[in-house]
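Here's the structure, in structure tokens; my notes come after.
Read the figures in this text as sums done on the coordinates, not as results from a lab. All figures in this text were calculated on a predicted structure; none of them were measured in a lab. Virtual Cβ from ideal backbone geometry, glycine too; neighbours counted across all protein chains shown.
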Amino acid sequence: MNDTPAWLSPAEQHAWRAFIRLHQKLWATLERDLKAHKLSGADFQILVALTDTPDGRQRFQDLASTIEWEQSRLSHQIARMTKRGLVAREECAEDGRGAFVAITPAGRKIIEAAAPHHVATVRRLVIDALSDELDTFARLSNRILEQLDNEPR
């Protein structure tokens, strides 16, 4: 067995570092924009996942799976968001050990205020910049997501 890593070529390293820098810079910009609405990126991610369900709630473990977070991280974030009135924990009648996370009217109001600005930023920085290559961008992103989905946990 060969323990020598397959080092990246200069071109591969350039592509990888550009991708990492893109991710860091884009996420930092989106986070700054969300702060204007008193939301963190984590708040936004959870609120989006909840608003994607018809009743605005998900089982705790399903939410953790949806956003691909460890349950302990999610638990701490939900506690902070509960204190701010953005979400509520609801007991599960069918399963005494289970719990739901539900968006509150205040949470819905804040995401509805933040979403138009967020979408405008995403459009300006990503969608408009890639308008002629959006299909390629989606195809490449989905190819990487497939690889990640096939990785053992």
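Results, tabulated for the structure shown:
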{"read-out": "Selected from Thr121, Thr29, Thr136 as most flexible by GNM, with the chain as the system and alpha-carbon contacts under 10 Å", "value": "Thr136"}
{"read-out": "Equivalent ellipsoid dimensions for segment 31-144 as semi-axes, Å, which come from the Cα gyration tensor, largest first", "value": "29, 18, 12"}
{"read-out": "Net charge dipole size for segment 31-144 [Lys, Arg +1 and Asp, Glu -1 on Cβ; Debye, nearest 20]", "value": "520"}
{"read-out": "Ala11-Gln61 pseudo-label distance in nm [points 7 Å out on the Cα-to-Cβ vector]", "value": "4.7"}
{"read-out": "Centre separation in Å (Cα based) which lies between segment 40-63 and segment 100-134", "value": "14"}
